[in-house]
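Participant: Sending over a structure as structure tokens; questions will come in a sec.
Any read-out appearing in this document is the output of simple, stated calculations on the displayed coordinates, not a laboratory observation. Just so you know, these numbers come straight off a predicted model, no measurement behind them. As a convention, Cβ positions derive from the backbone with ideal geometry for all residues, glycine included, and neighbour counts pool all protein chains shown.
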Amino acid sequence: MVAAEVVAAREPQATIKHARTRLGLMAELLLFHHAQGLTKGIRSLADEIRDVGHTVHTPDLYDGKTFDEIDAGVGYAKEVGFGTILERGQAAAEGLPNELVYAGISLGVMPAQALAQTRPGAKGAVFVSGAFPPAEFDAPWPEGVPLQIHMMEDDEWVAEGDLDAAREIVGSTKDADLFLYEGDKHLFVDSSLPDHDEGAATDFLERVLEFLGRA
């Protein structure tokens, strides 16, 4: 597949049921939560992926803490230290197979991308509402590792560098896609938060299930 950027605003999509019928091999996914913690919405998303037959690990980088507001969650991450958050994410991969798909939402993109770029054997990666330039982790994007990036086009949180980083990766990588959804919500895939956008979240899940089916 040629790397591409797709404006993903409610394009006609296959139903989830139809997407499931096309799945082949099951994937093993390491999913990192966003700055508000391992919320009910993230647990629910993981369960939806498990329902298809995939294995999903959801490490808690916040020691059980969750936050009602994103600013409070970011504040906690700063207090703990982003380096510590990254170390916790890397530790979560220890003991798991190298052949993982790494996924992260917002803050969780940091450990997901670091592992995808530096831990041998990655089967793929999925980033939501976040991306870093590959140079951030002192390594190029690994050849042969497919990637999906999902963002809302008017999300203020990604306008300050993340969207540019996403385009940089996708523009220089085979089998990578950037999906831009209409709207300005940051945590649109989390069904437990006010940011949730049902239409975009449904499209996201369909695309991810198809991606995992070929990872």
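Participant: What are the extents of the Cα atoms of the range 118-215 along their three principal axes, listed from largest to smallest and rounded to whole Å?
Facilitator: Between the extreme Cα coordinates on each principal axis of the range 118-215 lie 36, 32, 20 Å.
Participant: Shifting gears a bit: Sorted by mean Cβ packing within 10 Å, highest first, what order do the peptides 146-157, 45-56 take? It would help to have the intermediate numbers written out before the result.
Facilitator: On the way: 146-157: 21.2, 45-56: 17.0.
In decreasing order of mean packing, 146-157, 45-56 become 146-157, 45-56.
Participant: Quick one: divide the alpha-carbon radius of gyration of the range 72-122 by 2.2 N^0.38 Å and tell me what you get.
Facilitator: Compactness ratio reported: 1.17.
Participant: Could you pull out every residue, at least 5 positions away or on a different chain, whose amide H is within less than 5 Å of the one on residue 56? Hs are placed 1.01 Å off N in the peptide plane, and Pro or chain starts have none.
Facilitator: Residues meeting the amide H criterion: 29.
Participant: Total Lys pairs in the chain closer than 20 Å by alpha-carbon, pairs eight or more apart in sequence or interchain only?
Facilitator: So the count works out to 4.
Participant: How are the C-alpha pair distances of the range 23-98 spread across 5 Å bins, as whole percents from the shortest bin up?
Facilitator: P(r) over the range 23-98, rounded to whole percents: 3, 15, 24, 21, 18, 11, 6, 2, 0.
Participant: Go ahead and estimate [θ] at 222 nm for the chain from helices alone: -39,500 (n - 2.57) per DSSP H run with n ≥ 4, summed, over the residue count, rounded to 500.
Facilitator: The helix contribution divided over the chain gives -11500 deg cm²/dmol.
Participant: With the Cα gyration tensor of the range 4-214 in hand, convert its eigenvalues to equivalent ellipsoid semi-axes via √(5λ) and list them largest first in whole Å.
Facilitator: Square roots of five times the eigenvalues give 22, 20, 18 Å.
Participant: Still on this model: Take the Cα radius of gyration of the range 44-166 and divide it by 2.2 N^0.38 Å, with N its residue count; two decimals is plenty.
Facilitator: On the way: Rg = 14.4 Å, N = 123, 2.2 N^0.38 = 13.7 Å.
Expressed relative to 2.2 N^0.38 Å, the Cα Rg reads 1.05.
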